[in-house]
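Engineer: Have a look at the structure that comes next, please.
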Amino acid sequence: KMANETLKAQLGNAAWRLFHTILARYPDEPSKQEQTTLNQYIHLFAQVYPCGDCARHFQGLLSKYPPQIKSRKTAALWGCHIHNKVNERLEKPEYDCTTILEDYDCGCGSDEKEDDK
Ligand code: FAD
């Protein structure tokens, strides 16, 4: 069995990839419903995240830095900044957020193009 630290890092990697990819695919002009859904998703994610310490700490960050859900750009930048808060606590390097939208490509292309699905 792999060491606990390795497993925790793998879980974190996978979780962050999904997290940032969802934000990078969020609509440019979300409806009220879409905004509510994203906000709830992020808060529920923080509640169900399997590492208890991480979840508790992340919930604290969410109260301090509430999700920015007005547009894709603001949501993606917010996600990058809050991940940087976690990086800071874990003494990891700060990530450059300027190309965040390009950095997280879902590989699904435009929703209209059947080929990319
Ligand atoms: P990760 O932080 O997993 O990042 C993966 C990749 O994303 C990086 O290699 C980089 O390419 C990119 N990246 C880095 N920073 C950013 C950014 N700001 N924006 C966008 N992309 C970025 N671990 C603990 O030990 N204690 C905790 O309290 C803890 N809390 C966590 C809370 C949450 C919500 C999550 C999802 C994970 C948490 N983790 C915690 C795990 C931790 O954040 C890392 O995932 C883990 O330590 C592995 O780190 P890593 O160096 O592989 O990079």
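The values are calculated or read from the model by the stated rules, or taken from the named source; none is laboratory data. Please read these numbers as outputs of a predicted model, since none were measured by experiment. Note: areas computed on protein heavy atoms with side chains; ligands, DNA, RNA excluded. Shrake-Rupley method; radii C 1.70, N 1.55, O 1.52, S 1.80 Å.
Engineer: Under the Kirkwood approximation applied to all pairs of distinct alpha-carbon atoms, what is the hydrodynamic radius of region 1-65 in Å?
Structural biologist: About 13.2 Å, per the Kirkwood formula over Cα pairs.
Engineer: How large is the accessible surface per residue of region 20-62, computed with a 1.4 Å probe and reported in Å² as a whole number?
Structural biologist: 58 Å²
Engineer: Using just the C-alpha positions of region 1-113 as equal point scatterers, what log10 of I(q)/I(0) does the Debye formula give at each q in 0.10, 0.21 1/Å?
Structural biologist: Relative scattering, expressed as log10 I(q)/I(0), comes to -0.31, -1.29.
Engineer: Helix 52-64 versus the longest principal axis of the chain: what angle, 0 to 90°, nearest 10, using Cα atoms?
Structural biologist: So the inclination is approximately 50 degrees.
Engineer: Over region 7-113, with every protein chain in place, what whole percent of the accessible area is carbon and sulfur at 1.4 Å, could you tell me?
Structural biologist: Solvent-exposed carbon and sulfur of region 7-113 make up 54 percent of the total.
Engineer: Give me the Kirkwood hydrodynamic radius of region 30-94, using the inverse of the mean 1/r over all pairs of distinct Cα atoms, in Å to one decimal.
Structural biologist: Hydrodynamic radius (Kirkwood, Cα pairs) of region 30-94 is 12.4 Å.
Engineer: Rounded to the nearest Å, what's the spacing between the alpha carbon centres of region 1-65 and region 73-112? Just the number, please.
Structural biologist: Region 1-65 and region 73-112 have Cα centres separated by 12 Å.
Engineer: Please tell me which of these pairs span more than 29 angstrom C-alpha to C-alpha: LYS1/LYS92; LYS1/LYS73; LYS8/LYS85; LYS32/LYS64?
Structural biologist: Those over the limit are LYS1/LYS73.
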